[in-house]
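Visitor: After the structure tokens below, expect a handful of questions from me.
Just so you know, all these numbers are worked out from the coordinates, no wet-lab data involved. Everything numeric in this text was worked out from a predicted model, so none of it was measured. Every residue, glycine as well, gets a Cβ built from its backbone with ideal geometry; the counts of neighbours run over all protein chains shown.
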Amino acid sequence: MKTMTCRQLGGPCDLAHHGESADDVINAQDQHLKQVVKEGDEAHREARQEMKFRWLHPKKSLGWYNDMKLTFADLPSD
Ligand SMILES: [Zn+2]
């Protein structure tokens, strides 16, 4: 397992996500963004919009995914 924070994934807080792959932590971040924005958190709204854009435009967002995968690969295991 490795850990990436909301902030490392483009969000505004230090909540830690744990996963076996970059996709795991990206999905966890997506759920986190949906949840807190639904609860009225304004600080996460922009990150939520960016994440939505990435799902809608995966080709334009490949650079971001590759960055996240590289960051994840470089992390030490928990
Ligand atoms: Zn957050």
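Visitor: Return the pairs, sorted by first residue and then second, in which the second residue is β-branched (Val, Ile, Thr) and not in a loop (DSSP other than H, G, I, E, B), the first residue lies in the stretch 52-78 and is within 16 Å of residue 25 (Cα to Cα), the beta carbons are less than 6 Å apart, and the residues are 6+ apart or on different chains.
Guide: Partner pairs satisfying both residue conditions: 78/3.
Visitor: Within the stretch 52-71, count every residue that is out of contact with any Lys or Arg (no Cβ under 6 Å at 6 or more places or on another chain) and either under 14 Å from residue 4 (Cβ atoms) or among the small types (Gly, Ala, Ser) (or both). Explain how you work it out, then say what you get.
Guide: Taking the stretch 52-71 and keeping what is out of contact with any Lys or Arg (no Cβ under 6 Å at 6 or more places or on another chain), we get 52-60, 62-71.
Next cut, either under 14 Å from residue 4 (Cβ atoms) or among the small types (Gly, Ala, Ser) (or both) only: 63-65, 67-71.
So the count comes out to 8.
Visitor: Of all residues in the stretch 1-16, which are more than 9 Å from the ligand (Cβ to nearest atom), of a type outside the set (Ser, Thr, Tyr) and more than 16 Å from residue 64 (Cβ to Cβ)?
Guide: Listed by number, the residues that qualify are 1, 2, 16.
Visitor: Okay, moving on. Looking at this structure, is residue 2 surrounded by 11 or more Cβ atoms within 10 Å (Cβ to Cβ), in contact with a Pro (Cβ under 8 Å, 6 or more places away or on another chain) and touching a residue at least 24 places away in the same chain (Cβ under 8 Å)?
Guide: So residue 2 fits the description; yes.
Visitor: Regarding residue 30, is this residue in contact (Cβ under 8 Å) with a residue 40 or more places away in the chain, of a type in the set (D, E, K, R) and closer than 14 Å to residue 17 by Cα?
Guide: Taking the combined requirement at face value, the residue does not satisfy it.
Visitor: Looking only at the stretch 42-74, filter to residues that are surrounded by 15 or more Cβ atoms within 10 Å (Cβ to Cβ) and part of a loop (DSSP other than H, G, I, E, B); which one of those is farthest from the ligand (Cβ to nearest atom)?
Guide: 61
Visitor: Please go through the stretch 1-24 and pick out each residue that is in a strand (DSSP E or B), in contact with a helix residue (DSSP H, G or I) (Cβ under 6 Å, 6 or more places away or on another chain) and small (Gly, Ala, Ser).
Guide: 19
Visitor: So residue 27 passes all but one of these: (1) part of a loop (DSSP other than H, G, I, E, B); (2) under 9 Å from the mean Cα position of the chain (by Cα); (3) surrounded by fewer than 16 Cβ atoms within 10 Å (Cβ to Cβ). Which condition number does it fail?
Guide: Checking residue 27 against (1) part of a loop (DSSP other than H, G, I, E, B); (2) under 9 Å from the mean Cα position of the chain (by Cα); (3) surrounded by fewer than 16 Cβ atoms within 10 Å (Cβ to Cβ), the one that fails is (1).
Visitor: Moving on to the next point. Keeping to the stretch 30-41, report how many residues are surrounded by 13 or more Cβ atoms within 10 Å (Cβ to Cβ) and not in a helix (DSSP H, G or I).
Guide: Initial filter on the stretch 30-41 (surrounded by 13 or more Cβ atoms within 10 Å (Cβ to Cβ)): 30, 32-34, 36-37, 41.
From what is left, the residues that are not in a helix (DSSP H, G or I) are 41.
Of the residues in the stretch 30-41, 1 are surrounded by 13 or more Cβ atoms within 10 Å (Cβ to Cβ) and not in a helix (DSSP H, G or I).
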